[in-house]
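Below you'll find the structure, written out as structure tokens, and then a few comments.
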Amino acid sequence: MNFSEALDFIHATSWQGSRLGLERIASLMELLGDPQKKLRFIHVAGTNGKGSVCAMLAEILTRAGYTTGLYTSPHLFRINERMKVNGADISDDELARLAEQVKPLVEKMADPPTEFERITAMALLYFQQKHCDVVVLEVGLGGRLDSTNVIDAPDAAVITNIALEHTEVLGDTLEKIAGEKSGIIKPGADVILSAQTAEVETVVRRTCEERGCALRITDPKAEKLLACGLEGQTLDYRDRRDLRLRLIGDYQFKNAAVVLDTVDVLKERRGYEIPESAVRSGLAAVVWPGRFEVLQRDPLVLVDGAHNPDGVTELTKCLREYLPGRKMTLLMGVMADKDYADMIAMMAPFANEFVAVTPESHRALPAEELREKIETLTGVSARCGGDVKSGLAMAMDGKGPEDIVCAFGSLYQVGEIRAYFGRTT
């Protein structure tokens with residue numbers, strides 16, 4: 001099997017969409033010999049921030065000398081990005097080899113696994129074959145019934161910020177969504193939670209008590225921002241001083257607190273040997289594309305994967321902090337199932353104009369429909385940019401050194417936006 005055929009195998013059931021449940025992935029893993037049972041995991045769930053948290057943890061663990069697997073989604077450029085070992089994407093040949101191993105087993109199954117289940121199974125098999133010491137595993141959707149929850153109790157179950165999202169699947173209240181995310185908590189795991197609303201914390205505490213799991217919650221009072229700029233930020237947290245973080249934005253500061261507490265739990269309760277030098281150098285080095293990322297300086301171009309009201313709230317905080325009082329061109333593409341009306345309203349005060357685009361996804365809201373919604377809701381001028389590349393050309397046309405373009409609304413457009421400015425890694 002070659003790489004193209006491997007992609008055909010992975011995407012064969014993409015038309016079915018997401019079908020939550022563990023029966024198919026559990027059956028497939030059993031056919032593969034349950035490779036996940038030979039691995040140690042840090043399992044990360046949440047609405048926002050889990051990708052950045054995973055990236056920071058993986059970088060620190062790799063620098064500490066552990067062979068570290070990292071599984072994330074979605075990808076920005078190529079599917080290979082979803083599974084890494086020590087920071088390196090899986091190769092085309094290795095991905096094809098895995099697909100060749102998994103395909104005949106899938107063909108035996110009466111209920112074919114979904115696209116996400118197939119790539120999750122391939123990733124877990126890959127990490128076992130690479131003899132990973134630990135795998136940082138990002139939840140795809142929810143937690144309780146997500147394919148990644150096929151694993152046994154992880155060393156650490158990490159829950160980042162929780163907000164209303166996918167309410168038709170996960171529930172229409174924070175408590176219900178927190179219950180789904182808390183599904184990654186299993187007896188024997190240590191739990192780390194990003195401090196947040198009382199209703200979320202109550203659900204997680206109750207789950208930990210029911211399952212006999214120790215819980216550590218980050219301490220916002222112990223967070224101190226010392227300096228910040230478009231090049232990065234410096235912070236104190238608990239007993240650590242002058243930590244340098246390359247990722248920018250208030251939310252990344254909070255994500256770093258989750259990471260630092262997770263590191264301490266791994267050291268204190270799980271026997272991990274993680275020198276302080278690995279912690280500091282890992283935080284200072286890690287990059288996570290598409291999170292309030294500067295793509296160009298003249299004019300200034302920013303891209304942020306904020307794709308729900310909670311994420312856009314954090315984006316607006318960053319804009320006020322880093323670019324106070326500035327107006328800009330907002331390039332927006334969004335999925336039709338998102339609460340885009342609230343997102344538009346929150347971003348409108350920063351807009352000279354909007355350029356609406358259609359991200360490359362069957363779930364995308366058409367650009368013209370988005371344009372009409374923007375003008376109806378805000379009265380701000382909006383142009384229809386068509387696809388992402390055409391919309392970017394429109395947004396950039398005539399811009400000078402004092403102008404700003406900020407792209408947001410969907411992770412599905414981040415890769416194409418970055419590629420437009422020559423960022424392909």
Test result for residue 377, out of contact with any Phe, Trp or Tyr (no Cβ under 6 Å at 6 or more places or on another chain), surrounded by fewer than 16 Cβ atoms within 10 Å (Cβ to Cβ) and within 24 Å of residue 163 (Cα to Cα): yes
Single residue of the stretch 186-204 satisfying the filter (in contact with a helix residue (DSSP H, G or I) (Cβ under 6 Å, 6 or more places away or on another chain) and aliphatic (A, V, I, L, M)) that is most open to solvent (accessible area, probe 1.4 Å): 195
Among the candidates 242, 236, 219, 261, residue that is of a type in the set (D, E, K, R), touching a residue at least 40 places away in the same chain (Cβ under 8 Å) and either open to solvent by 10 Å² or more (accessible area, probe 1.4 Å) or farther than 30 Å from residue 397 by Cα (or both): 261
So residue 354, is it within 26 Å of residue 163 (Cβ to Cβ) and more than 25 Å from the chain's Cα centre (by Cα): yes
Cβ pairs under 6 Å, 6+ apart, first in the stretch 295-308 and at positive phi and open to solvent by 10 Å² or more (accessible area, probe 1.4 Å), second of a type in the set (D, E, K, R) and part of a strand (DSSP E or B): none
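Condition check ((1) open to solvent by less than 20 Å² (accessible area, probe 1.4 Å); (2) over 19 Å from residue 303 (Cβ atoms); (3) without any contact (Cβ under 8 Å) to a residue 24 or more places away in the chain; (4) hydrophobic (A, V, I, L, M, F, W, C)) across all residues:
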residue	(1), (2), (3), (4)
329	yes, no, no, no
338	no, no, no, no
343	yes, no, no, yes
352	no, no, no, no
383	no, no, no, no
409	yes, no, no, no
417	yes, no, no, yes
Qualifying residue in the stretch 397-405 (condition: farther than 17 Å from residue 340 by Cβ, in a helix (DSSP H, G or I) and either touching a Lys or Arg at 6+ places or on another chain (Cβ under 7 Å) or at pLDDT below 95 (or both)): no
Candidate set from the stretch 123-139 (those that are over 17 Å from residue 152 (Cα atoms) and not aromatic (Phe, Trp, Tyr)); member that is surrounded by the fewest Cβ atoms within 10 Å (Cβ to Cβ): 131
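Is it the case, given these coordinates, that residue 144 is in contact (Cβ under 8 Å) with a residue 40 or more places away in the chain, touching a helix residue (DSSP H, G or I) at 6+ places or on another chain (Cβ under 9 Å), open to solvent by 10 Å² or more (accessible area, probe 1.4 Å) and closer than 19 Å to residue 22 by Cα? Working first, answer last.
Values: in contact (Cβ under 8 Å) with a residue 40 or more places away in the chain: yes; touching a helix residue (DSSP H, G or I) at 6+ places or on another chain (Cβ under 9 Å): yes; open to solvent by 10 Å² or more (accessible area, probe 1.4 Å): yes; closer than 19 Å to residue 22 by Cα: yes.
In short, yes.
Suppose we keep only residues that are among the hydrophobic types (A, V, I, L, M, F, W, C) and open to solvent by 30 Å² or more (accessible area, probe 1.4 Å) within the stretch 273-294. Which one would you say is farthest from residue 235 (Cα to Cα)?
288
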Of the criteria (1) hydrophobic (A, V, I, L, M, F, W, C); (2) more than 29 Å from residue 170 (Cα to Cα); (3) in a helix (DSSP H, G or I), which one residue 380 fails: (3)
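The values are calculated or read from the model by the stated rules, or taken from the named source; none is laboratory data. In this text, all values refer to a predicted model and were calculated from it rather than measured experimentally. Backbone-built Cβ (ideal geometry, glycine too); neighbour counts: all protein chains shown. Remember, those area values only see protein heavy atoms, side chains included, never the ligands or the DNA or RNA. Shrake-Rupley method; radii C 1.70, N 1.55, O 1.52, S 1.80 Å.
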